[in-house]
Structure formats: C-alpha cells, structure tokens
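For reference, the structure discussed in these notes is given below.
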Amino acid sequence: MTNLRRLDLNLLVTLDVLLSEHNVTRAAERLHYSQPSVSVHLARLREIFDDPLLLPGPRGMRPTARAEALREPLRDALAALEQAVAPEAPFDPASAANTWRIAATDYSESTVLLPALPGLRQAAPGTRVAVLEMAPARLARQAEQGDIDLAFHTTHDSPQTLHRKALFTERYVLVGRAGHPKLRRKPTLAQFCALEHVMVSPDGGGFFGVTDEALATAGASRRVVLSVPHFLYVAAVLAGSDLVAMLPERLVRGNAALQVVEAPVDVPGYEMSMLWHERSHRDPAHRWLRDFIAASV
C-alpha cells in the first residue's frame, strides 16, 4: 500500500514503455517527453520498487527479474484503465441486448408503451422490456437502487429527486358505449349527474375523485355505482352496459365500441411525465431509450 500511494500514473506509463523499448531515448520519443524527463522517471521508479528495473546492456537496456515480473500485470492493468476511462461508445440499438425495467400503470402501458413497442422491437430486436406495477410511494427508491430504469407518472405527483421529461397533457372526456341513448349529444349538468358512473380509484374502493371535486365546486354531485382500480377494465364495462365514465381521452381514442362526448363540467387534466434517476441520466443506452419513447407518443 505504501508503494501504491507513492506512485502516479505517469510513472507507470513510463515504465510500461521502457519495458517495451529497452531504451530511454526511444521511450522518450514515444512518450513525447525529453530524455532527461524519462531518466528522472526511471530513477523515481527504481527508488519506489527498490530495484534497478533496467540495466545497461550491449543492445540497450535489459530488464531485471523484478521488471520482467511487472511487465504483463502492468500492461494488463494499464489496458484495463484505458478501457475504463475511454469515451463511451455510441449506443447501437440493432446489436443491443439490454433488459429495461419500466414502472407503469395500465393507463401508461396503453398510452405510452403500446405506441412505442412496435418501433422499439424493430429498432432494438435483441432487447427486452419488463413492465413492473407502478408503486408511486416507492418510485424514488426503486430508481435509486436500479430496480427500475424508467417510470411514467403524472408530473405533479412525481418525486422531486428524479429527472423528468413531460410527454403529453391529458384531458378527461365523458365515455359510454357506442349508441348510448344518453350520449347522443353533450348532456346538461343535471343529465350528467343522473347517469350511473364508473370511476377509477387507483388505491382501491374510492367513490370520490377529481370529477366529484369539480362537481362539488359547482354545487352538484353524481352517482358513482362502480369503483375499480384499473382503467382498462372500465372500457370493457362501458362497452357492455349503460354505465358511463370520465376517462382520459388518449385511453379511448379510436375505440369503435365507445362513444365520446364533452362533459358539462370542467375536470382538470394532468401532464404525464417520464421519470428516471441521475445514475442513468448520461448512459447512452438509457438516453436512446428515453428519446425513442418520447418521440413515439
């Protein structure tokens, strides 16, 4: 340990070249040093290793037994160090074999991952994606520990410690089955409140949400008859009944089984963001994945 503390990298590089060239002058040329500078380095190395290292010979200098023992380990160590500090190679998705772990709700699976997946499979066919159940309270810790690479969450509820990129702004619309007799046109507030509603309660079992907050401000209330934890189940319920729901517009866009109309109450929307930790912020593969997903939504 004492010797290691007395060494610096320049001395080891000089020794490596000297063991290759067996000549101070040629070593100085390769290193772009003056010959006296290389001689000073050699003197310092001899002191540290308590060995002559290189001795005068008929054809340049010849290494001592100690120097011969150092040659291969020193070369391997310097090569490893060069590789460690070399600039990162550009990420090549076509040859990549990464496994990406992404935390998402069923909503963000449908609105973010689903549009991105076909292009991702084509651009990076050797990669894998593991989708994990969203746990907002654990997001920051999961990202910090490397348990997840990315997460998709509403911006206002996102941990402040994570990097974020806004993906889109979502709004709520009133949705029922195609041909629903009460949704041929935008209902009045009274008609809206008289409908039987389904709502999504991510924590489970709730019957009061952002729509109810907006109605309360207007002095009104609705009748929520079904509360479920997942968005996608709601779409199936609506298609087979006369129940209605206030749902994010992107979730139902293009669904021929559903009828979409404007609601008579202004329900605040939200911004959806992509989240990640500082530990992977500059990683070329991670940066490519983030850019690809952002361009796909």
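The values are calculated or read from the model by the stated rules, or taken from the named source; none is laboratory data. It should be emphasised that the depicted structure is a prediction, and the values quoted were computed from it without experimental measurement. We place every Cβ from the backbone using ideal geometry, glycine too, and count neighbours over all the protein chains shown. Quick note on the areas: whole protein, heavy atoms, side chains included, nothing else; ligands and nucleic acids left out. Shrake-Rupley method; radii C 1.70, N 1.55, O 1.52, S 1.80 Å.
Separation of segment 242-286 and segment 156-188, taken as the distance between their Cα centroids, equals 6 angstrom. The calculated Kirkwood hydrodynamic radius for segment 1-156 is 20.4 Å, given to one decimal from all distinct C-alpha pairs.
Find the percent of Cα-Cα distances in segment 103-153 that exceed 17 Å, and round it to a whole number.
On the way: 504 of 1275 pairs.
Here the long-distance tail beyond 17 Å is 40 percent of all Cα pairs in segment 103-153.
So which trypsin sites (Lys or Arg not before Pro) in segment 120-228 end up in coil per DSSP with only 10 or fewer other C-beta atoms within 10 Å? Kindly include the intermediate steps, with their values, before the conclusion.
Numbers: sites: ARG121, ARG128, ARG138, ARG141, ARG164, LYS165, ARG171, ARG177, LYS182, ARG184, ARG185, ARG222, ARG223; in loops: ARG171, LYS182, ARG184, ARG185, ARG222.
Passing sites in segment 120-228 are ARG184, ARG185.
Counting Cα-Cα pairs of segment 210-297 in 5 Å increments starting at 0 gives whole-percent bin shares of 2, 10, 17, 17, 15, 11, 10, 8, 7, 3, 0. Loop-located chymotrypsin sites (Phe, Trp or Tyr not before Pro) in segment 135-242 (DSSP state not H, G, I, E or B) with no more than 15 neighbouring Cβ atoms inside 10 Å: PHE207, PHE208. Sparse packing (at most 12 other Cβ atoms within 10 Å of the Cβ) combined with a DSSP loop state is found for the following trypsin sites (Lys or Arg not before Pro) in segment 21-69: ARG59.
The heavy atoms of GLU47 present about 110 square angstrom of accessible area, all protein chains included, probe 1.4 Å.
Normalised by residue count, segment 151-240 yields a Cα convex hull volume of 133 Å³ per residue. Each other residue within a Cβ distance under 11 Å of SER20 adds +1 if Lys or Arg and -1 if Asp or Glu, for a net charge of +2.
GNM on the chain, alpha-carbon springs under 10 angstrom: the most fluctuating residue among ALA257, ALA94, ALA65 is ALA65.
Sorted by mean Cβ packing within 10 Å, highest first, what order do the peptides 107-119, 209-221 take? Provide the component values of the computation, followed by the final result.
Working: 107-119: 17.5, 209-221: 14.4.
Ranking, from highest mean packing down: 107-119, 209-221.
Against the empirical 2.2 N^0.38 Å (N residues), the chain has a Cα radius of gyration ratio of 1.70.
Straightening the chain between ARG71 and ARG59 buys 2.4 nm, computed as 0.36 nm per residue apart minus the Cα-Cα spacing. Subtracting the Cα-Cα distance of GLU133 and ASN10 from their residue separation scaled by 0.36 nm leaves 39.2 nm.
Counting only protein heavy atoms and a probe of 1.4 Å, the accessible surface of the chain is 52% carbon and sulfur. With every protein chain in place and a 1.4 angstrom probe, the accessible-area ranking of ASP149, ASP242, largest first, reads ASP242, ASP149. Within the listed set LEU226, LEU150, LEU54, the Gaussian network model of the chain (springs between alpha-carbon atoms below 10 Å) gives the highest mean-square fluctuation for LEU54. Label sites at ARG46 and HIS230, each approximated as a point 7 angstrom past Cα along Cα to Cβ, lie 7.7 nm apart.
Let me check against my output: what whole-number percent is the relative contact order of segment 1-129, with C-alpha pairs under 8 Å and at least 6 apart?
Working: 91 pairs, mean separation 25.0, N = 129.
Reported as a whole number, the value is 19 percent.
Remark: segment 5-58 is approximated by an ellipsoid whose semi-axes, taken from the C-alpha gyration tensor as √(5λ), come to 16, 14, 9 Å, largest first. Computed from Cα positions, the angle between helix 284-296 and the longest principal axis of the chain comes to roughly 20 degrees.
The stretch between THR154 and ARG223, if pulled fully straight at 0.36 nm per residue, gains 22.2 nm over its current Cα-Cα span. What the Cβ-Cβ distance of VAL85 and SER201 gives, at R0 = 35 Å and to the nearest 0.05, is a FRET efficiency of 0.10. Looking at the chain, the accessible area is 55 square angstrom per residue; that uses a 1.4 Å probe and ignores ligands, DNA and RNA.
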